[in-house]
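Only one structure is covered here, and it is reproduced in the block below.
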Amino acid sequence: MSTNYIGKSVRRVEDKRFITGKGKYTDDIILPGMTHGIFVRSPYAHAKINGIDTATALKMPGVVAIFTGADLADVNGVPCGWQVNFKNGDTMKEPKHPLLAHGKALHVGDPVAFVIAETPEQAKDAADAVEVDYEELPAVTNPAEGVKPGAPLVHDTAPGNIAFDWELGNPKAEVDAALAAAAHITTLEFVNQRMAPNAIEPRSYIGAYDTTSDKYTLYTSTQNPHLIRLLMCAFVLGIPEHKVRVVGPDVGGGFGSKIFHYTEEALITWCAHKISRPVKWTSTRSEAFMLDAHGRDHVTKAQMGFDANGKITALKVNTYANMGAFLSTFAPAVPTYLHGTLLQGLYTTPKINVDVTAVFTHTNAVDAYRGAGRPEATYLLERLIDLSALEMGVDPVELRLKNFIPAFDGVTQSGYQTQVALQYDSGNYQGVVEKGLAMLGYADFRKAQKEAAKNGKLLGVGFSTYIEACGIAPSAVVGSLGARAGLYEVGQVRVQPTGKVSVFTGAHSHGQGHETTFAQVVADKLGISMEDVDIVHGDSDTVAFGMGTYGSRSLAVGGSAIIKSIDKIIEKGKKIAAHKLEAAAGDIAFENGKFTVKGTDKSLSFGDIALTAYVPHVYPADLEPGLDFSSFYDPTNFTYPFGCHIAVVEVEKETGKVSLKRFIAVDDVGNVINPMIVEGQIHGGVVQGIGQALFEGVEYDENGQMTNASYMDYCMPRADDLPMFETGSQVTPCPHNPLGVKGAGEAGCIGSTPAVVNAVIDALWSGGHQVRDILMPLTPERVWTAMQ
């Protein structure tokens, strides 16, 4: 039996239960005596709440309780998990985010009352009977408009609607001087539009309280159970952590939207204690559209300067980042730490300055959405590069290659220090471009493009070369950047007496395939069958404190913690084997599941050692029994995947419709544990990036109403909108984690969006339409209008 699993496309073991309907999601759970909750939500983006009348609703059949903001006036609000202070040192503005609105509603869907009844239907009927006296007030939804004098104020404690302003890089005076001396400057003003995450499973929570043990349980569709417990216990409800169990069962996708601590989680836990019965709330799809934390929403002006030889001399960026009405858990980190620090891109730009103003508006909260800041940074850079090439009349690939950071491995050569705080660990950026060009047949495409133009066809090719910071850590660095938590991970490996292995990880799977990939790593390293490995996650009472799954960190951080524990097991196993084989521990080798005395055929199997550890009859006197180790891994640096994405499009002159003809993705994610899973992650990310470029985008009207909060109105990419993707890979191992992995979950979403937009602009220029930019999504109407 082969136990070499690393690098093999093993089918996902968890899929069997999902495709046979055996997955267990929060909404599937039914507890004895469980009640059901429905929210009464504000229909206005900004309104004074003059009064709430619950008298009629309380008398309706099945109603157990109704709570309003007045009942929770003394309860803390949900905290933000990241603090980014003003440039002048002033503290970030962090208004209270109450569990129920009290006095004012600050966005459409802001909860003003919570109705609990015996059935969902009874709760819905009673919620409809709650009468709220609103006084509608003016609203603002655009961050650039929100900072203007006279704009409606979201919070009295945040003058000018500014949560914070932040600056990174070289001094502005130096960047301005470099731009003034430039031979060419490209300026681009654009909007990176707001996105709805649209996980297939809506959020769902069940709060329960046991009066006998004085213990709480929260079942939640979350990406990180331990962080939810920490924030809820320490900052909101003031409950000792050992009294609270948080369980994240199977989770149907997240894309970032299930990282955060939502008010509903804390409220439902509080309510369960108040009524001494379990309470369940499951979001409707309409609520999910309006209230699952949105992504992106940047309004940006950027300038890139070049010398006479086409070398980049400076980059200056000013961004207004929409925070929504309240600061979500990681919201301040996205436009700063995850966006500003990536504006070096793959280029040797010597002078960079980024200035970010975070703005409160009367809209839903904005936080991390797949890629989180990295797509925004890549879009900015790659649109500027392509537009600069068009303006200067040079080839966009040649312009990139001329400005790339030279290849380095991070071992024999040191990492690359950027102008925006980070130090890249390893990279060969030219390699992925060359592979992508070969797959495309670049010279042949340019010939075909010219021929097509003669025949009235508009063909275009767009390039995007990206880098991202993943494995979000180390704790000391993110702490200095404002994180209010550590970003390590835990991995416990428990060998059973029979040699079977249970692995407990603080990472949480919601589609990544952890039960397969982690099992591959463990089975490969211990020389056992994958069937002998069980992966356990998602229960704060079972797993040591971990930080969950986001930022492409699961394998780079969580996998590395598991490896540390495996190393400890092997080290202890050698001592047990040495005693039984009458040899020195230093003379024992472990390979393919066997402990062998070097240079001999004397060996013991992994199973023999496991049994001996728990039945220690012949055992070293100075060694404690058992074979069970737990480790925490806090990386020394981020990991830095990178790649080259290429889109080929055809634009229909008569209608402006864009057809995506080819999409090529060449990604370097370091060493790969399961190529099939990585390719699936790339495909999924690419589709989401294409969705932003061509189809998706949250729309608010002037009153703060979301006008496309349903699948009838919010356009998602479908299979027939897409070509068969062409994928390639390159491997530059991460030099500082034991697996050499970098992360793959977000790469597709980062590289794809600017590649598609660049391709459309290239197609228009091929037909003589010198269009500089089109607002995403590039709908047929917008493209046709631009051509006119």
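Please say if segment 488-633 is rounded, prolate or oblate, where rounded means a/c under 1.5 for a ≥ b ≥ c the square roots of the C-alpha gyration tensor eigenvalues, and otherwise the choice is prolate for a/b larger than b/c and oblate otherwise?
prolate
As an exercise, identify the GluC sites (Glu not before Pro) in segment 639-679 lying in DSSP coil whose Cβ has no more than 13 other Cβ atoms within 10 Å.
For GluC sites (Glu not before Pro) across segment 639-679 that sit outside H, G, I, E and B with at most 13 neighbouring Cβ atoms in 10 Å, the list reads GLU654.
In debye, nearest 20, what is the charge dipole magnitude of segment 295-404 about its Cα centre with +1 on Lys and Arg Cβ and -1 on Asp and Glu Cβ, if you could check?
160 debye
About the Cα centre of segment 488-633, what is the dipole size in debye to 20, counting +1 per Lys and Arg Cβ and -1 per Asp and Glu Cβ, all else neutral?
Result for segment 488-633 is approximately 280 debye, rounded to the nearest 20.
For LYS172, give me every one of the aspartates and glutamates with a C-alpha distance below 15 angstrom, ignoring sequence neighbours fewer than eight places off in its own chain.
Output for LYS172: ASP355.
Can you list the DSSP H helices in the chain whose Cα atoms extend at least 15 Å along the helix axis and whose mean Kyte-Doolittle hydropathy is 1.0 or higher?
Once both thresholds are applied, what remains is 747-766.
How do the peptides 471-477, 15-21 rank, highest first, by the average count of neighbouring beta carbon atoms within 10 Å per residue?
Taking the mean over residues of other Cβ atoms within 10 Å, the ranking is 471-477, 15-21.
If packing is taken as the mean number of other Cβ atoms within 10 Å per residue, what is the order of 30-42, 583-595, highest first?
Per-residue Cβ counts within 10 Å, averaged per peptide and sorted highest first, yield 30-42, 583-595.
Can you give me the relative contact order of the chain as a percent, contacts being Cα pairs under 8 Å and 6 or more apart?
16 percent
Before rounding to the nearest 500, sum -39500 (n - 2.57) across all DSSP H runs of length at least 4 in the chain and divide by the residue total; then give [θ] at 222 nm in deg cm²/dmol.
-8000 deg cm²/dmol
Of ASN637, HIS617, HIS102, which is farthest on the positive side of the dipole of the chain, counting Cα position, with +1 on Lys and Arg Cβ, -1 on Asp and Glu Cβ, and the Cα centre as origin?
Of the options given, the answer is HIS617.
Beyond a 32 Å Cα-Cα separation, which of these cross-linked pairs lie in this structure: LYS8/LYS311; LYS311/LYS742; LYS16/LYS574; LYS16/LYS243; LYS87/LYS243; LYS148/LYS274?
Going by Cα-Cα distance, LYS8/LYS311; LYS16/LYS574; LYS16/LYS243; LYS87/LYS243; LYS148/LYS274 fall outside the 32 Å limit.
Cross-link partners among lysines for LYS572, C-alpha distance below 27 Å, same-chain residues fewer than 8 apart left out?
Within reach: LYS500, LYS525, LYS564, LYS580, LYS594, LYS598, LYS602.
Can you work out the FRET efficiency for the pair ALA589 and VAL731, with r the C-beta to C-beta distance and R0 = 25 Å, to the nearest 0.05?
Efficiency computed from Cβ-Cβ geometry: 0.35.
Extending each Cα 7 Å along its Cβ direction at GLU135 and ALA719, get the distance between those two points in nm, one decimal.
5.6 nm
Whenever you get a sec, compute what percent of the accessible area on segment 488-633 sits on carbon and sulfur atoms (1.4 Å probe).
Taking all protein chains in place, segment 488-633 shows 49 percent carbon and sulfur surface.
If contacts are Cα pairs under 8 angstrom and at least 6 residues apart, what is the relative contact order of segment 488-633 in percent?
32 percent
Considering only GLY513, TYR379, ASN758, whose Cα is most displaced toward the positive end of the charge dipole of the chain, charges sitting on Cβ of Lys, Arg (+1) and Asp, Glu (-1)?
Positive-most Cα among the choices belongs to GLY513.
Figure the gain on full extension for HIS769 and MET34 (residue separation times 0.36 nm, minus the Cα-Cα span) and round it to one decimal in nm.
Result for the pair: 258.4 nm of gain on full extension.
Tell me whether the chain comes out rounded, prolate or oblate; compute the Cα gyration tensor, take square roots of the eigenvalues as a ≥ b ≥ c, and use a/c under 1.5 as the rounded threshold.
oblate
Once each part is reduced to its C-alpha centroid, what is the distance from segment 595-636 to segment 56-121 in angstrom?
Cα centres, segment 595-636 to segment 56-121: 53 Å.
Take ASP53, ASP128, ASP701 and sort them by solvent-accessible surface of the protein heavy atoms, 1.4 Å probe, largest at the top.
ASP128, ASP53, ASP701
By per-residue mean of other Cβ atoms within 10 Å, what is the highest-first order of 497-508, 274-285?
Output ranking for 497-508, 274-285: 497-508, 274-285.
Enter the mean projected area of the convex hull around the alpha-carbon atoms of segment 423-555, in nm², rounded to one decimal.
The number I arrive at for segment 423-555 is 13.6 nm².
Across segment 86-98, in residue order, what do the Karplus-derived ³J(HN,Hα) couplings come to in whole Hz, using 6.51 cos²θ - 1.76 cosθ + 1.60 with θ = phi - 60° and x for Gly and Pro?
5, 4, 7, x, 5, 6, 3, 7, 9, x, 4, 9, x
Considering only the other residues whose Cβ falls under 15 Å of the Cβ of GLN520, what net charge follows from Lys and Arg at +1 and Asp and Glu at -1?
Here the count lands on -3.
Set Lys and Arg Cβ to +1 and Asp and Glu Cβ to -1, take the dipole of the chain about its Cα centre, and tell me which of LEU481, HIS226, GLY740 lies farthest positive.
Sorting the options by dipole projection puts first GLY740.
Cross-link partners among lysines for LYS48, C-alpha distance below 16 Å, same-chain residues fewer than 8 apart left out?
LYS48 reaches LYS104.
Let me know the charge dipole size of the chain about its Cα centre in debye, to the nearest 20, where only the beta-carbon of Lys, Arg (+1) and Asp, Glu (-1) is charged.
The dipole magnitude comes to about 1220 debye.
Find the centroid of the Cα atoms in segment 270-342 and in segment 727-769, then give the distance between the two in whole Å.
Cα centroid to Cα centroid, the span is 21 Å.
The values are calculated or read from the model by the stated rules, or taken from the named source; none is laboratory data. What you are looking at is a predicted structure, and each value in this text was computed from that prediction instead of being measured. All Cβ positions, even for glycine, are placed from backbone atoms using ideal geometry, and neighbour counts span all protein chains on display. Calculation scope for accessible area: heavy atoms of the full protein, side chains included, ligands and nucleic acids excluded. Shrake-Rupley method; radii C 1.70, N 1.55, O 1.52, S 1.80 Å.
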